[in-house]
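As structure tokens, the structure follows; a few thoughts come after it.
Every number here is computed from the coordinates shown, using simple stated rules; none is lab data. Note that the coordinates shown come from a computational prediction; the quantities given were computed from them, not determined experimentally. Note that each Cβ is placed from the backbone with ideal geometry, even for glycine, and that neighbours are counted across all protein chains shown.
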Number of protein chains: 2
Amino acid sequence: VNNRSRNAARSAGARQVHKQQTYQALLHAALHLMEDQSFSSLSLREVTREVGIVPTAFYRHFRDMEQLGLALVDESFDSLREMLRSARIEPMPDKHVYRHSVEILARYVHTRRLHFRFIVRERYGGISVVRQAIRRELRLFVSELATDLIRFPDFSRWSTEDVRMVAALIVNAMFATAEAILDVPAERPEAETEIIQTAEKQLRLVLLAVPHWRSSTPPIGA
Amino acid sequence: VNNRSRNAARSAGARQVHKQQTYQALLHAALHLMEDQSFSSLSLREVTREVGIVPTAFYRHFRDMEQLGLALVDESFDSLREMLRSARIEPMPDKHVYRHSVEILARYVHTRRLHFRFIVRERYGGISVVRQAIRRELRLFVSELATDLIRFPDFSRWSTEDVRMVAALIVNAMFATAEAILDVPAERPEAETEIIQTAEKQLRLVLLAVPHWRSSTPPIGA
């Protein structure tokens, strides 16, 4: 009995691992297939064919393609949060803080290429549920960056609303930079240097204005 | 003979007018159908059905869907250029220049809603030819804005490259604003006021930094 239940448990565990692997394979296949198409034109059949399972097996993992899209949003924003954490914990020499921040971004765009491409594209994509989820996550992401910014002395007298305004400006510039890096042609890799320089200057320019800004609404606690 | 050739000319003219009308109707139908889908998922059949012509009649106007996409890029950027011209010729009270600029943008997002939506979405869309055309037009658009900026005294000592860097930052913020306005839910129109205020502050912040910037490369003619 003991042996038999052990075997049963082991094979249930193996099934669970296998299920998890197929789940990941479906997410990965979908991301890969979006090289030359948008999520809205991606079909369930294409995704299952890529993974090598029958179409009906899809429903063991997702209710429909929209649910798969939402799982991709979660996974992609996990990558973005990891990037913010890196920026927080890596030592930043004061002098090169802008350059270093943009380099962290560039590094993540390369190592998490498919996630960045997914967010950049589907943020304006045709599937409303996915688009709304990305917008929601982006608002959270802007808030998280605002929380990081507010620790700097220059922002101490700013209203929360205005810090968010700056964070949103930076996140937009960041996404435009990510998109430009994603689009660097393989035969002209040096184009990335120019993109990084521009992004660094934009970040420097925005933060140059910070000490000169007057928030019209009083800061919290004032 | 005279009458007959006059009639022939007239009916050739009428055919030309009719052809032009169908051309415009195809462009318009495509823009409308993109309410809930991306250009890459739009089919030639859907577009011709919307216009009420047989699918093969499409080829009298466009070689393929990509060519129609490129025509939409041209038409949409005409709207954007018209907006820049408005900003140039409308009298701008110094005090409200940021507010006024953002209001011109908001007005154009409403009157040219379908054009803005097309550019905002297909800029990152799945059809490479269309995406590349939008990127090209956007670079031109950034240059045109840079040419407008360089007339202001604050930019007189800036390198061309750095003025373009600021123009690109403004255009990105502008597009993010356009996208946010496009997404205002019909039941909460007051959300637009908040978007406009944030955009105005972002523009003010960026231009606040301008007098404090030092271009590292010398300006033209220096």
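A compact table of results
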quantity: Nm distances between copies for B:Arg60, ranked from closest, using label points 7 Å along Cα→Cβ; calculated: 5.5
quantity: Fraction of the pair-distance distribution of the protein assembly as shown above 35 Å, Cα-Cα pairs, percent; calculated: 39 percent
quantity: Relative exposure of B:Thr111, A:Thr48, judged by other C-beta atoms within 10 Å (fewest first); calculated: B:Thr111, A:Thr48
quantity: Cα gyration tensor category, rounded, prolate or oblate, for the stretch B:91-183 with a/c compared to 1.5; calculated: oblate
quantity: Pairwise label distance in nanometres, A:Ser5 with B:His18, each label 7 Å out on the Cα-Cβ vector; calculated: 8.4 nm
quantity: Length released on extending from B:His32 to B:Arg157, taking residue separation times 0.36 nm less the Cα-Cα span; calculated: 40.4 nm
quantity: Of the DSSP H helices in chain A, those whose Cα atoms cover at least 27 Å axially and whose Kyte score averages -0.5 or more; calculated: A:65-89, A:128-149, A:160-182, A:191-209
quantity: Ascending list, in nanometres, of distances separating the B:Arg81 label from those of the other copies (7 Å, Cα toward Cβ); calculated: 4.6
quantity: Sites excluded, GluC sites (Glu not before Pro) in DSSP loops with at most 15 other C-beta within 10 Å, longest stretch of chain A; calculated: A:36-186
quantity: Other-copy label distances relative to A:Ala9, 7 angstrom Cα-Cβ extension, nm; calculated: 9.7
quantity: Cα→Cβ-extended label distance, 7 Å offset, between A:Gln67 and A:Arg113, nm; calculated: 3.1 nm
quantity: Cα-centre dipole for the protein assembly as shown with unit charges at Cβ (Lys and Arg positive, Asp and Glu negative), debye to 20; calculated: 740 debye
quantity: Positive-end residue, the stretch B:1-140 charge dipole about Cα centroid, Cβ charges, pick of B:Ser86, B:Phe62, B:Leu138; calculated: B:Phe62
quantity: Residue with peak Gaussian network fluctuation, chain B [Cα springs, cutoff 10 Å], from B:Ala180, B:Ala14, B:Ala71; calculated: B:Ala14
quantity: DSSP loop trypsin sites (Lys or Arg not before Pro) with at most 11 other Cβ within 10 Å: longest gap in chain B; calculated: B:64-150
quantity: Förster radius 22 Å - calculated FRET efficiency between A:Val184 and B:Arg139, Cβ distance, rounded to 0.05; calculated: 0.95
